[in-house]
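What follows is a set of notes on a single structure, which appears directly below.
The values are calculated or read from the model by the stated rules, or taken from the named source; none is laboratory data. The model shown is predicted, which means the values in this text are computed figures rather than measured ones. Don't worry about glycine lacking a Cβ; one is built from the backbone with ideal geometry, like all the others, and counts go over all protein chains shown.
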Amino acid sequence: MQALNFLQFYDIINSLKIACNECPYTQINRFLAFSPPRIGQAYCKCYIDAEDYFADICEVIKRAKEEIFIAGWWLSPELYLKRPVGENLNNDSRLDHILLKAAEEGVRINIIIYKEVTLALTNDSYYTKKRLESLHRNIKVLRHPKDMIFLWSHHEKILIIDQEIAFLGGLDLCYGRFDTQAHRLRDVASENTQKVDGMFPGIDYYNVRIVDFANVRNFTQCTINKTKDQRMPWHDIAIRIIGEPVKK
């Protein structure tokens, strides 16, 4: 914007002042928030631990009509959202399976995940990108940051479906996060076996205090011994929102 004379300059400054005074985002809002209270109702559901959270995400993705947005620090394509899985592994809650079905039905799926420092982390976001984008042209994955290492990581955990339902909180859609409120230290559904069935199949039977993830592409193999080692519980919270705050 360029002023050609003093009167135009005055008009521009005055217009900016009026806009700032009338904009709700420049006012002192409740709890010192940057945004004002939303007009309209919003419905929320809180979750403790991932069992119900992942299950609800699974069902909502299956009902998507137009678009799905996902932001995460880590995303594991072969993650089972419902447990126990069962020996035949034909569980229709595996993340890559339900995303593919949605894409085949015309749903646009856009995902942004953290591009990890490979010397320190084994997220293998490159595999996640290539695996999901190879499923269908409607699935797009962006890794961030693109070219340089920052002193921070992309750490949001958000999922939005059709700009109507949003999930957010502390739980990434990745290995090691699923748990029940019982926080069992062993996989009761597959006790005394190294099979990939049960509540914590394959790589999801995990304990970072013993050994961290190494090759996350080999998702059918445990990083620890189920018959000898205890798994590490994961305790976290999340929320589902339906209503006006989910809109653009």
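Which residues, counting only those in segment 160-196, are surrounded by 20 or more Cβ atoms within 10 Å (Cβ to Cβ), assigned to a loop (DSSP other than H, G, I, E, B), out of contact with any helix residue (DSSP H, G or I) (no Cβ under 8 Å at 6 or more places or on another chain) and modelled with pLDDT under 95?
Asp187
For Met199, state whether it is at pLDDT below 95, within 30 Å of Glu67 (Cβ to Cβ) and in a loop (DSSP other than H, G, I, E, B).
Here the answer is no, as Met199 does not meet what is asked.
Among the residues that make up segment 107-128, is at least one of them closer than 24 Å to Ile239 by Cα and surrounded by fewer than 18 Cβ atoms within 10 Å (Cβ to Cβ)?
Yes: one or more hits.
Just one of the numbered conditions (1) farther than 19 Å from Ser76 by Cα; (2) aliphatic (A, V, I, L, M); (3) in contact with a Pro (Cβ under 8 Å, 6 or more places away or on another chain) is not true of Leu132; which one?
The single condition Leu132 does not satisfy is (1).
Considering only segment 6-21, how many residues are over 19 Å from Pro36 (Cβ atoms) and under 43 Å from the mean Cα position of the chain (by Cα)? Please lay out each step first, then the result.
The initial filter retains those residues of segment 6-21 that are over 19 Å from Pro36 (Cβ atoms), namely 6-17.
Narrowing further to those that are under 43 Å from the mean Cα position of the chain (by Cα): 12-13, 15-17.
Selection size over segment 6-21: 5.
Please determine, by comparing only the residues of segment 215-248 that are of a type in the set (A, V, I, L, M, F, W, C), touching a helix residue (DSSP H, G or I) at 6+ places or on another chain (Cβ under 9 Å) and assigned to a loop (DSSP other than H, G, I, E, B), which one is modelled with the lowest pLDDT.
Cys222
Would you call Val85 over 21 Å from Gly176 (Cβ atoms), of a type outside the set (Gly, Ala, Ser), surrounded by 12 or more Cβ atoms within 10 Å (Cβ to Cβ) and in contact (Cβ under 8 Å) with a residue 12 or more places away in the chain?
Details: over 21 Å from Gly176 (Cβ atoms): no; of a type outside the set (Gly, Ala, Ser): yes; surrounded by 12 or more Cβ atoms within 10 Å (Cβ to Cβ): yes; in contact (Cβ under 8 Å) with a residue 12 or more places away in the chain: yes.
So Val85 fails the test.
Checking the condition of a type in the set (Val, Ile, Thr) and farther than 21 Å from Trp74 by Cβ, which residue from Ile165, Ile98 passes? Steps first, answer last, please.
Details: Ile98 fails: farther than 21 Å from Trp74 by Cβ.
Exactly one residue qualifies, and that residue is Ile165.
If you check His144, His136, which single one turns out to be modelled with pLDDT of 95 or more, surrounded by fewer than 20 Cβ atoms within 10 Å (Cβ to Cβ) and either touching a His at 6+ places or on another chain (Cβ under 6 Å) or within 18 Å of Arg94 (Cα to Cα) (or both)?
Values: His144 fails: modelled with pLDDT of 95 or more.
Answer to the selection: His136.
Taking the condition β-branched (Val, Ile, Thr) and surrounded by 11 or more Cβ atoms within 10 Å (Cβ to Cβ), does Ile28 pass? Please lay out each step first, then the result.
Values: β-branched (Val, Ile, Thr): yes; surrounded by 11 or more Cβ atoms within 10 Å (Cβ to Cβ): no.
So Ile28 fails the test.
Looking only at segment 211-243, which residues are in contact with a strand residue (DSSP E or B) (Cβ under 6 Å, 6 or more places away or on another chain), in contact (Cβ under 8 Å) with a residue 60 or more places away in the chain and either charged (D, E, K, R) or loosely packed, with under 12 Cβ neighbours inside 10 Å (or both)?
The answer is Arg240, and nothing else.
Pairs under 7 Å by beta carbon, first residue without any contact (Cβ under 8 Å) to a residue 12 or more places away in the chain in segment 5-30, partner surrounded by 11 or more Cβ atoms within 10 Å (Cβ to Cβ) and among the β-branched types (Val, Ile, Thr), six or more apart or different chains?
Cys20/Thr26
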